């Protein structure tokens with residue numbers, strides 16, 4: 001059984017195709033980086049894995065569950081870290097509120113977080129190095145800290161599959177290093193990770209495979225096979241300079 | 001000393017309207033639905049006016065028809081918001097339609113015009129025992145939903161997409177939120193009025209937002225400010241012989257203005273302002 005299996009997936013927003021004929025499978029416990037130019041459908045691909053993008057054709061399975069047929073069951077297994085910009089940071093919530101949200105699908109309806117949920121949330125916050133900010137207002141945090149809290153929220157869910165949408169964007173260098181370390185530790189624990197990433201350098205030594213996307217799968221394979229000038233040029237077209245890859 | 005019964009009903013209606021509007025108003029403000037609450041109030045007005053036109057003056061009949069008009073707008077706005085489309089334009093169109101219907105129905109009224117006007121501007125002293133009971137039932141329904149689904153409401157308010165991705169019942173929470181907003185506004189139509197309901201759904205939550213960074217405290221503070229606005233406004237209006245809903249609205253917006261000035265969120269601005277004033281004073285000979 002694969003962690004993620006996509007079969008001929010086509011997604012349309014209105015009359016516009018966002019993804020066409022996407023097929024790939026990902027082994028459990030592996031680390032996949034999704035790359036591609038702006039508008040290539042990278043975020044849409046993550047949303048398709050969550051069963052949240054309008055599917056026109058194809059099948060998406062996560063841990064063997066068809067996400068479009070059983071979305072709630074599948075989503076409980078998936079931790080999702082959205083782009084920080086999609087969050088309304090002006091909503092008055094504390095850091096602990098945000099991290100505890102990761103536990104909500106496990107807690108279920110009409111019930112409040114227990115001591116165990118609070119402990120798991122605290123552990124998740126500790127993993128990203130922000131345990132001392134448990135009671136701080138979310139809005140008081142820097143961009144990098146907010147990103148780490150959102151990662152802690154996904155970790156509190158104890159996911160089997162972790163999806164991250166540009167976790168390093170607009171994040172300072174210390175936060176980037178901490179996020180990279182957390183992802184490395186998770187991979188060692190056997191969590192399957194898929195991240196949309198632009199600057200792959202920081203994660204290169206931990207990544208098992210790269211999926212190069214531009215509405216279609218341009219290339220999918222080991223980083224050394226995909227991150228080559230002639231392959232990248234097919235996704236990014238022109239106007240890009242490549243520095244030779246060294247792992 | 002015994003108070004006349006209409007005063008007791010009025011006082012309770014003012015208090016309960018303040019509580020209901022301002023607790024639900026927290027989500028209206030945080031989710032940017034202020035315009036929607038105005039739209040719902042006018043849709044409810046159209047429904048209530050139709051009830052009067054049909055000769056139905058029973059409180060439950062007015063409330064039912066008002067709700068029948070208000071709910072579709074709330075759900076439609078919720079649908080538009082869920083799809084990430086421009087909610088203001090969708091509500092604007094519905095607002096115009098409902099306001100047109102309301103004016104049409106009121107214009108066609110041969111009798112009950114006083115009742116119709118009380119729905120526009122509010123008539124807290126005219127609240128009857130039956131209306132008070134309906135208000136209490138609404139509070140029970142609205143608060144039960146808010147308490148039972150509080151954690152889901154908090155999540156969808158902070159990050160709707162994240163809530164859907166998390167696998168919680170985000171859509172259900174989203175639409176139930178629209179449902180309680182519609183029910184709240186319809187319930188207070190008689191006591192506060194379609195035009196002034198806006199002040200109670202937005203004023204106290206805004207005041208509370210300025211005072212805290214914690215949503216739990218914000219709801220408590222907003223409810224307290226809403227009740228204080230209702231009570232103070234009612235007593236002031238009674239004392240000065242002024243329209244109660246207008247004074248309640250003025251008190252609510254007055255408290256919001258004061259909280260803006262003393263807000264911990266704005267202290268930095270205040271400090272800058274105070275610093276500038278001091279600099280100017282020091283420069284003077």
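Could you tell me whether residue B:163 is within 14 Å of chain A (Cβ to nearest Cβ) and out of contact with any strand residue (DSSP E or B) (no Cβ under 9 Å at 6 or more places or on another chain)? Yes: the conditions hold for residue B:163.
Tell me yes or no: at least one residue of region B:187-202 is crowded, with 22+ Cβ neighbours inside 10 Å, without any contact (Cβ under 8 Å) to a residue 60 or more places away in the chain and more than 14 Å from chain A (Cβ to nearest Cβ).
yes
Return yes or no: is residue A:166 at positive phi, within 14 Å of chain B (Cβ to nearest Cβ) and under 15 Å from the mean Cα position of the chain (by Cα)? No; evaluated as a whole, the condition is false for this residue.
Of all the numbered requirements in (1) modelled with pLDDT under 95; (2) outside any loop (DSSP other than H, G, I, E, B); (3) buried (at least 22 other Cβ atoms within 10 Å of the Cβ), residue A:163 misses one, and that requirement is (1). Under the condition of being over 17 Å from residue A:81 (Cβ atoms) and either more than 14 Å from chain B (Cβ to nearest Cβ) or in a loop (DSSP other than H, G, I, E, B) (or both), the residues counted in region A:127-144 number 5. Scanning region B:122-157 for residues that are surrounded by fewer than 16 Cβ atoms within 10 Å (Cβ to Cβ) and either touching a strand residue (DSSP E or B) at 6+ places or on another chain (Cβ under 9 Å) or more than 30 Å from residue A:107 (Cα to Cα) (or both) gives B:128, B:129, B:130, B:133, B:136.
Just one residue in the set A:205, A:188 is without any contact (Cβ under 8 Å) to a residue 40 or more places away in the chain and not assigned by TED's automatic domain parsing to the domain that holds residue A:107; that residue is A:188. Annotation note: of B:52, B:71, the sole residue that is assigned to a helix (DSSP H, G or I), in contact (Cβ under 8 Å) with a residue 60 or more places away in the chain and within 21 Å of the chain's Cα centre (by Cα) is B:71.
Let's see how each residue does on (1) within 14 Å of chain A (Cβ to nearest Cβ); (2) touching a residue at least 40 places away in the same chain (Cβ under 8 Å); (3) crowded, with 20+ Cβ neighbours inside 10 Å:
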residue: B:3; (1), (2), (3): no, no, no
residue: B:31; (1), (2), (3): yes, yes, yes
residue: B:43; (1), (2), (3): no, yes, yes
residue: B:66; (1), (2), (3): no, yes, yes
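Candidates B:242, B:236, B:231: the one that is surrounded by fewer than 19 Cβ atoms within 10 Å (Cβ to Cβ), touching a residue at least 24 places away in the same chain (Cβ under 8 Å), in contact with a helix residue (DSSP H, G or I) (Cβ under 8 Å, 6 or more places away or on another chain) and more than 14 Å from chain A (Cβ to nearest Cβ) is B:231. For region A:54-63, the criterion of a residue being buried (at least 17 other Cβ atoms within 10 Å of the Cβ) and touching a residue at least 60 places away in the same chain (Cβ under 8 Å) is satisfied by at least one position.
Answer yes if at least one residue in region A:8-26 is part of a strand (DSSP E or B), facing chain B (nearest Cβ under 10 Å) and surrounded by 15 or more Cβ atoms within 10 Å (Cβ to Cβ), and no otherwise. Checked against the condition, which is being part of a strand (DSSP E or B), facing chain B (nearest Cβ under 10 Å) and surrounded by 15 or more Cβ atoms within 10 Å (Cβ to Cβ), region A:8-26 yields no hits at all. Taking residue A:114 as the residue in question, decide whether it is within 22 Å of residue A:180 (Cα to Cα) and either more than 10 Å from chain B (Cβ to nearest Cβ) or surrounded by fewer than 22 Cβ atoms within 10 Å (Cβ to Cβ) (or both). No: the conditions fail for residue A:114. If you go through region A:169-200 and keep only what is under 22 Å from residue A:26 (Cβ atoms) and at pLDDT below 90, you end up with A:198, A:199, A:200. Scanning region B:211-227 for residues that are facing chain A (nearest Cβ under 8 Å) and either surrounded by 20 or more Cβ atoms within 10 Å (Cβ to Cβ) or under 13 Å from the mean Cα position of the chain (by Cα) (or both) yields a count of 2. From the set of residues in region A:79-101 that are facing chain B (nearest Cβ under 7 Å) and not in a helix (DSSP H, G or I), which is nearest to residue A:182 (Cα to Cα)? Filtering first and then ranking leaves A:80. When each of A:46, A:72 is tested for being under 19 Å from residue B:168 (Cα atoms), out of contact with any strand residue (DSSP E or B) (no Cβ under 9 Å at 6 or more places or on another chain) and either in contact (Cβ under 8 Å) with a residue 60 or more places away in the chain or in the same structural domain as residue A:169 (by TED's automatic domain parsing) (or both), the lone residue that passes is A:72.
The values are calculated or read from the model by the stated rules, or taken from the named source; none is laboratory data. Just so we're clear, the structure is a prediction, and the values are computed from it rather than from any experiment. Backbone-built Cβ (ideal geometry, glycine too); neighbour counts: all protein chains shown.
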